[in-house]
Amino acid sequence: MQRRQLIHAIGAAALMGGRPSWAQEAYPARAIQVLVGFPGGGAMDVATRVVTNALADEGLKPLAIINKPGASATIATGQVARASADGYTVLLSTSANLGIAPYLYARLPYDADKELVPVAQFGVAQSVIYGSPALGTRDLNALLRRIAATPGRLNYASPGSGTTAHLAFESLKAQRKLFIVHVPFRGSPAAITSVLSGELDIGIDAIGPTLSHIKAGKIVPLAQTGSKRSASLPDVPTLDELGVRGIPSGTNLGFMMPSGTPAAVLSQWSGAMKRVLATPAVAEQLGAVGVDVAYRDARDYAATMASEQKLWQAAVKYSGAAAS
């Protein structure tokens, strides 16, 4: 989304919020569906459930998680975009479906600028660049010098073409003018296994899937994306700290609803999210899947998405990634 359009959408939601029925009916009066464009049991699904379980204690219940995986979460996004703007259909919004998909797909079955409005952001899932102990270094800059000195000799694994992790590394390649071969896999387990087995040299992935292997000493973390160190990897420097700037931070997670959703509903959700994200229990549960608490209200969330979208656009163009 462009920043001007996003902020306009927020204002439009407020203007369209004064429906007489809301004065007569307490919200919520029935089950709220939260659509997640990722498989059940994965980090995005678990993180969503952590937050929605806590929101239920704030009165936003019953909440039903509906998993609609596929096509970079655009299937779920399209369904929410076409839903009634009554506060009973919510989208897990991520950098995949809002930041990357507009440039990965030639055509989308929805117009996010017009059909969706941000509620708030609740977290960020940063990526980590890692290698096997056999790589022989824990210094990212030393690795980058090695890649530069031996173009095309090294390779790196990602959980898939067009993922946030893949595009973050492509941004790094473009910035440093590096030639290293990308080997995409269908998901994190296969990508990580390729480095564990010595098949590939290094990898990049979301922090969550790599945590157990890092703690066991089976893979070596070299650097992480983001403006500050994740609570999950407090001893691993960020790319910013190492002098590499302008790389997307990772996956920003939040909620969106159809445009025209009553302002009172958006405000109720945002306020409840702010309260639950301030609790240690929620932060701990999110941290277990590599997600750091990062509350931003609708306006700040819109601005964050708009600024990072430019980085994703450049990364998609450089990488040549395209939806099949």
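Things worth noting here:
- Residue match in the range 62-69 (condition: modelled with pLDDT of 90 or more and part of a helix (DSSP H, G or I)): no
- One residue stands out among those in the range 67-81 that are without any contact (Cβ under 8 Å) to a residue 40 or more places away in the chain and in contact with a helix residue (DSSP H, G or I) (Cβ under 8 Å, 6 or more places away or on another chain): the one that is surrounded by the fewest Cβ atoms within 10 Å (Cβ to Cβ), which is PRO69.
- Lone unmet requirement of (1) of a type outside the set (Gly, Ala, Ser); (2) touching a strand residue (DSSP E or B) at 6+ places or on another chain (Cβ under 6 Å); (3) not in a strand (DSSP E or B) for VAL128: (3)
- Whichever residue in the range 247-287 is more than 24 Å from ALA206 (Cα to Cα) and polar (S, T, N, Q) and, among such residues, is surrounded by the most Cβ atoms within 10 Å (Cβ to Cβ): THR261
- None of GLY136, GLY87, GLY131, GLY123 is without any contact (Cβ under 8 Å) to a residue 12 or more places away in the chain and over 25 Å from LYS317 (Cβ atoms) except GLY136.
- The residues of the range 288-307 that are in a helix (DSSP H, G or I) and surrounded by fewer than 19 Cβ atoms within 10 Å (Cβ to Cβ), listed by number, are ARG299, ASP300, ALA303, ALA306, SER307.
- Residue check for ALA106: of a type outside the set (Val, Ile, Thr), more than 19 Å from the chain's Cα centre (by Cα) and part of a strand (DSSP E or B): no
- Pair list, Cβ < 7 Å and 6+ apart or interchain, from the range 51-65 residues that are buried (at least 21 other Cβ atoms within 10 Å of the Cβ) to residues that are in a strand (DSSP E or B): VAL51/PHE122; THR52/VAL34; THR52/LEU63; THR52/ILE65; LEU55/LEU63; LEU60/ILE32
- For TYR130, the criteria (1) at pLDDT 95 or above; (2) assigned by TED's automatic domain parsing to the domain that holds TYR301; (3) at negative phi hold in every case but one, which is (2).
- Of the residues making up the range 109-118, none is in contact (Cβ under 8 Å) with a residue 40 or more places away in the chain, out of contact with any Leu (no Cβ under 9 Å at 6 or more places or on another chain) and of a type in the set (Gly, Ala, Ser).
- Residues that are within 14 Å of ILE66 (Cβ to Cβ) and either of a type in the set (S, T, N, Q) or modelled with pLDDT under 95 (or both), drawn from the range 79-103: GLN79, THR89
- Set VAL265, VAL316, VAL282: member being closer than 18 Å to ALA56 by Cβ and either among the polar types (S, T, N, Q) or under 20 Å from the mean Cα position of the chain (by Cα) (or both): VAL282
- Within the range 233-252, the residues that satisfy the criterion of being at pLDDT below 95 and hydroxyl-bearing (Ser, Thr, Tyr) are SER249, THR251.
- Residue among SER319, SER307, SER270, SER259 that alone is in contact with an Asp or Glu (Cβ under 6 Å, 6 or more places away or on another chain) and at pLDDT below 95: SER319
- Single residue of the range 161-189 satisfying the filter (of a type in the set (Val, Ile, Thr) and closer than 16 Å to THR225 by Cα) that is farthest from the chain's Cα centre (by Cα): THR163
- For the range 156-187, the set of residues classified as touching a Phe, Trp or Tyr at 6+ places or on another chain (Cβ under 8 Å), buried (at least 19 other Cβ atoms within 10 Å of the Cβ) and without any contact (Cβ under 8 Å) to a residue 60 or more places away in the chain consists of TYR156, ALA157, SER158, PRO159, PHE169, ILE180, listed by residue number.
- In the range 210-235, the qualifying residues are those that are assigned to a loop (DSSP other than H, G, I, E, B) and polar (S, T, N, Q), and the one that is surrounded by the fewest Cβ atoms within 10 Å (Cβ to Cβ) is SER227.
The values are calculated or read from the model by the stated rules, or taken from the named source; none is laboratory data. All values derive from a computational prediction rather than experimental measurement. We place every Cβ from the backbone using ideal geometry, glycine too, and count neighbours over all the protein chains shown.
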